[in-house]
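Worksheet: one structure, shown below.
The values are calculated or read from the model by the stated rules, or taken from the named source; none is laboratory data. Owing to the predicted nature of the structure, the values given are computational and were not obtained by experimental measurement. For neighbour counting, all protein chains shown are included, and Cβ atoms are generated from backbone atoms with ideal geometry for every residue, glycine included.
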Amino acid sequence: MSEIFHDTGAPAGRPEAPRSTRWIRWTVLVILVVPALWAASGLGISMQRILEAPADMWKIIRAMYPPDFSYNQVFERTLPKVMESLYIAWIGTMVGAFFSFILSFGAAKNLSPRWLTFVIRNLFNAIRAFPELLLAFIFLPIFGLGAWTGTLAIGLHSIGTLGKLSSEVIEGIDPGPLEAIHSAGGRWPSVMRFGVLPQVLPTIVAYWLYRFEINLRVSAFLGVIGAGGVGAELVSQLRFRNFQAAGTVLLVTIVVVLIIDTVSSMIRRRIIAGKAGEEGPTELFEEPAAVGVL
Amino acid sequence: MIEFKNASVTYRGGVRALRNINLTIHDGEFIVIVGLSGAGKSTLLRAVNGLVPVTEGSVVVDGKEVAGASPADLREIRSHVGLIFQTFNLVLRTSVLNNVLMGRLSKVPLWRSTLGMWPEEDREIAMQSLERVGIVEKAYVRASNLSGGQQQRVGIARALAQEPKVLLADEPVASLDPVTSHIVMRDLQRINRELGITTFINLHFLDLARAYGKRMVGLRAGELVYDGDISDVSDETFREIYGRAITPDDIMEIKG
Amino acid sequence: MSEGVRPARPKKSIVPYFVAAAVLAFTVFAARQVGFSLSQIANNFDTARDFIGRFFPPDWGWAKENVPGPMIETIQIAILASIIGCTFALPVAFWASKLTANNRWVYYIDKWFLNVIRTIPDIFWAMLFVTGVGLGAFAGVLALIMFSFSIMGKLLSETIDSADPGPLEAARSTGAGHTQAVQAAVLPQVLPNYVAYALYIFELDIRASTVLGLVGAGGIGRVLEAQRSFFRFDRVMAVVVVIFVIVFLIEQVSVFVRRRLV
């Protein structure tokens with residue numbers, strides 16, 4: 001054996017190994033593999049199809065190269081539509097931010113009565129359950145084709161997601177400063193202005209920006225059903241199998257989204273870092289419970 | 001045997017953490033290193049197992065050159081050198097035993113450590129390490145449930161599980177209270193005596209250095225300014241090494 | 001009396017005002033571009049009300065026969081995609097973190113790769129895959145695999161970035177290889193987060209998969225589209241309600257489990 005460890009005699013005092021560890025590993029494996037197999041067979045996905053898929057996709061990707069960089073395609077067809085998606089995302093986020101901000105105070109357990117928080121929270125949950133595409137789908141017959149429908153769909157959904165997040169931020173504030181202001185004789189406008197808002201605004205605004213990043217992607221595809229934006233352009237190019245033009249659409253979308261993402265991340269980082277002077281995390285989701293943003 | 005020959009470490013940005021260190025340590029010695037914060041103690045320690053590479057000169061551990069060693073050689077050298085940290089560096093989420101088993105990582109293939117299927121021999125060594133530091137009964141307890149002193153002993157057990165030839169300790173008791181500090185220092189002393197492992201300890205507190213050290217090395221601004229037997233050390237020696245008068249912060253327990 | 005010198009009052013920067021003005025201008029411009037019109041909502045209120053009447057009452061009879069099948073398909077798509085996507089994302093996330101990437105190149109390439117995949121919306125992926133492998137659920141699964149993979153990659157790699165580097169240093173100092181050290185020292189730290197993110201991504205996948213069918217990628221979406229094209233809004237409503245209930249239930253379960261993980 002080893003030089004250092006000789007037989008120290010009967011291992012007295014050693015605790016028993018707990019049963020659970022072996023168990024857990026197998027259970028986890030089962031939880032993962034069984035549903036996957038059930039799903040795969042239910043969908044009719046065989047190994048053969050899986051193996052053929054990369055080749056099929058490669059055909060398409062090759063067909064997209066080189067992308068159609070003609071003036072017409074880029075500047076007259078694609079770019080305006082991408083900008084339209086941008087406007088939709090922007091206004092949609094603003095609408096969502098505005099209403100969610102107001103409502104979130106009503107949903108915060110530390111600031112509002114129980115019945116109110118109950119109503120508003122469930123309102124948020126109800127809205128959040130609908131993917132934006134579904135909302136746009138429902139709004140189409142009512143508001144017609146076009147950017148406004150998409151904006152409304154995004155705006156409404158954002159109220160739900162931002163509302164939930166904002167109310168959680170508000171609930172997480174330090175009550176200390178509020179007490180201090182109260183005891184110094186301040187009434188609730190002062191409490192809000194000096195106690196609540198400075199604590200919550202940086203994080204909430206950061207969430208708005210993050211939501212904007214996501215809404216940009218959403219507005220890109222809402223066009224697929226005619227609710228404005230670049231989605232419609234992609235659909236038509238794919239339908240007519242103009243793969244090079246489709247490639248252009250994708251590329252321009254990717255570039256614009258990347259730019260917005262980068263700028264937005266930078267701003268978010270600076271907002272969070274400036275909060276109470278702490279070197280804040282760039283990662284907004286530290287708690288799994290807070291991971292309800294997307 | 002560990003040998004520093006004209007070893008220097010210059011960090012990016014120009015900071016010279018170690019200047020021209022010449023030091024020879026024989027097998028089984030028990031050495032304490034003292035010096036102000038920033039004098040290069042941590043760097044000296046980490047130069048032994050290559051966590052901080054020397055930028056000039058050489059460091060030879062047991063006949064193997066650390067400076068410029070290939071990744072594979074470096075891993076080989078490190079597997080024989082155990083490092084104990086001031087902040088313990090345990091994986092708090094997992095059990096004590098799993099933490100100690102980390103000392104055996106270099107001896108088992110990747111698939112075994114990933115799936116947690118450690119060979120019986122390695123488990124035995126881990127258990128015996130825990131017995132040697134006297135906390136085997138906590139083997140299956142989550143590491144975060146232990147006190148600071150207990151966590152440090154797990155850290156020592158982890159290093160022991162490597163079956164090392166050299167034990168390095170970077171301010172091992174700086175985060176512990178006086179009573180626990182003495183327990184840990186005594187453990188390290190005992191391990192050195194019973195197992196003959198060369199032991200190299202950075203200490204912040206001068207009274208501890210005097211109480212436990214056998215040979216003392218003093219660093220100031222990256223240079224070796226003292227190297228001698230502990231019995232020859234006086235307050236004056238410390239003043240020279242530190243370059244200033246001794247303050248209460250340098251002593252763990254104020255008498256009187 | 002304190003003898004300190006009073007500091008000069010910090011200069012009020014004019015930049016924030018510029019920024020605010022620019023933002024406002026852009027907002028107004030954008031609003032006009034999208035056809036922002038409150039009056040339209042008000043004017044069309046009656047028309048809207050009539051329309052909404054056509055959604056009720058939902059056609060449950062038809063729904064009983066025609067909804068469960070596609071709905072199950074939707075759920076299956078989400079399950080398969082989250083499991084596969086999240087599994088592949090695990091190693092990728094480690095390569096995308098400064099703390100655990102093997103070297104600079106791996107880090108930069110991986111991060112760039114994840115970012116690009118993330119920029120493409122899931123619906124676009126669905127359209128691409130439909131074009132490539134044909135209509136149906138397979139395209140949907142592939143699309144959501146990309147979706148899940150990219151989200152998990154980003155979330156997990158950011159969590160890894162803020163993990164405690166101490167145990168990793170300890171693992172390295174025992175002579176362990178890079179992957180071994182990362183797996184022993186960092187993986188246990190982020191595992192609870194990984195599971196929580198996976199559950200969350202499953203929620204997202206369920207939502208996304210309900211509408212994938214609108215572009216032909218399988219699931220309940222195609223039923224929605226079909227009924228809409230027949231102007232059977234009462235049936236559309238039935239489907240919408242079912243979707244809502246299922247999404248809501250799954251979300252409650254997911255939140256419950258995630259809370260217990262923390």
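Descriptive notes on the structure:
- Residue selected from region A:67-82 under the condition in contact with a helix residue (DSSP H, G or I) (Cβ under 7 Å, 6 or more places away or on another chain) and either outside any helix (DSSP H, G or I) or not β-branched (Val, Ile, Thr) (or both), by the criterion modelled with the lowest pLDDT: A:GLN73
- Residue identified as in the same structural domain as A:VAL218 (by TED's automatic domain parsing) and free of Cβ contacts under 8 Å to residues at least 24 places away in the same chain among A:PRO80, A:PRO131: A:PRO80
- If the condition is being in contact (Cβ under 8 Å) with a residue 24 or more places away in the chain and in a helix (DSSP H, G or I), then region B:216-256 contributes B:ILE230, B:PHE238, B:ILE241, B:TYR242, B:ASP250.
- Of all residues in region B:66-78 being outside any helix (DSSP H, G or I) and loosely packed, with under 14 Cβ neighbours inside 10 Å, the one that is farthest from the other protein chains (Cβ to nearest Cβ): B:GLY68
- For region B:137-169, a residue qualifies if it is within 10 Å of chain A (Cβ to nearest Cβ) and among the charged types (D, E, K, R), and the qualifying residues are B:GLU137, B:LYS138, B:GLU163, B:LYS165.
- C:GLY218 passes every criterion in (1) out of contact with any Asp or Glu (no Cβ under 7 Å at 6 or more places or on another chain); (2) within 11 Å of chain A (Cβ to nearest Cβ) apart from (1).
- Only one of the numbered conditions (1) surrounded by fewer than 18 Cβ atoms within 10 Å (Cβ to Cβ); (2) at pLDDT 90 or above; (3) in contact with a helix residue (DSSP H, G or I) (Cβ under 8 Å, 6 or more places away or on another chain); (4) not aromatic (Phe, Trp, Tyr) is violated by C:ILE109, and that is (3).
- Lone unmet requirement of (1) within 27 Å of the chain's Cα centre (by Cα); (2) closer than 18 Å to C:TRP125 by Cβ for A:PRO67: (1)
- Considering region A:137-154, and only residues there that are buried (at least 24 other Cβ atoms within 10 Å of the Cβ) and more than 9 Å from every other protein chain (Cβ to nearest Cβ), the residue that is modelled with the lowest pLDDT turns out to be A:THR149.
- Near pairs, Cβ below 6 angstrom, 6+ apart or cross-chain, from region A:55-75 (within 9 Å of A:PHE243 (Cα to Cα)) to any residue that is assigned to a helix (DSSP H, G or I) and aliphatic (A, V, I, L, M): A:PRO67/A:LEU251; A:ASP68/A:ALA245
- Qualifying residue in region A:45-59 (condition: modelled with pLDDT of 80 or more and closer than 30 Å to B:GLY82 by Cβ): no
- If you go through region C:22-54 and keep only what is within 8 Å of chain A (Cβ to nearest Cβ), farther than 17 Å from A:ILE88 by Cβ and of a type in the set (Phe, Trp, Tyr), you end up with just C:PHE51.
- At least 2 residues being facing chain C (nearest Cβ under 10 Å), over 17 Å from A:ALA17 (Cβ atoms) and out of contact with any strand residue (DSSP E or B) (no Cβ under 7 Å at 6 or more places or on another chain) is the threshold, and among the helices (runs of 4 or more DSSP H) wholly inside region B:79-136 those reaching it are B:110-115.
- Candidates C:ALA139, C:ALA170, filtered to the one that is within 14 Å of chain B (Cβ to nearest Cβ), crowded, with 20+ Cβ neighbours inside 10 Å and either in a helix (DSSP H, G or I) or touching a strand residue (DSSP E or B) at 6+ places or on another chain (Cβ under 7 Å) (or both): C:ALA170
- Output for region A:35-51, where each listed residue is facing another protein chain (nearest Cβ under 7 Å) and either on the phi > 0 side of the Ramachandran plot or part of a helix (DSSP H, G or I) (or both): A:PRO35, A:ALA36, A:ALA39, A:ALA40, A:GLY42, A:LEU43, A:ARG49
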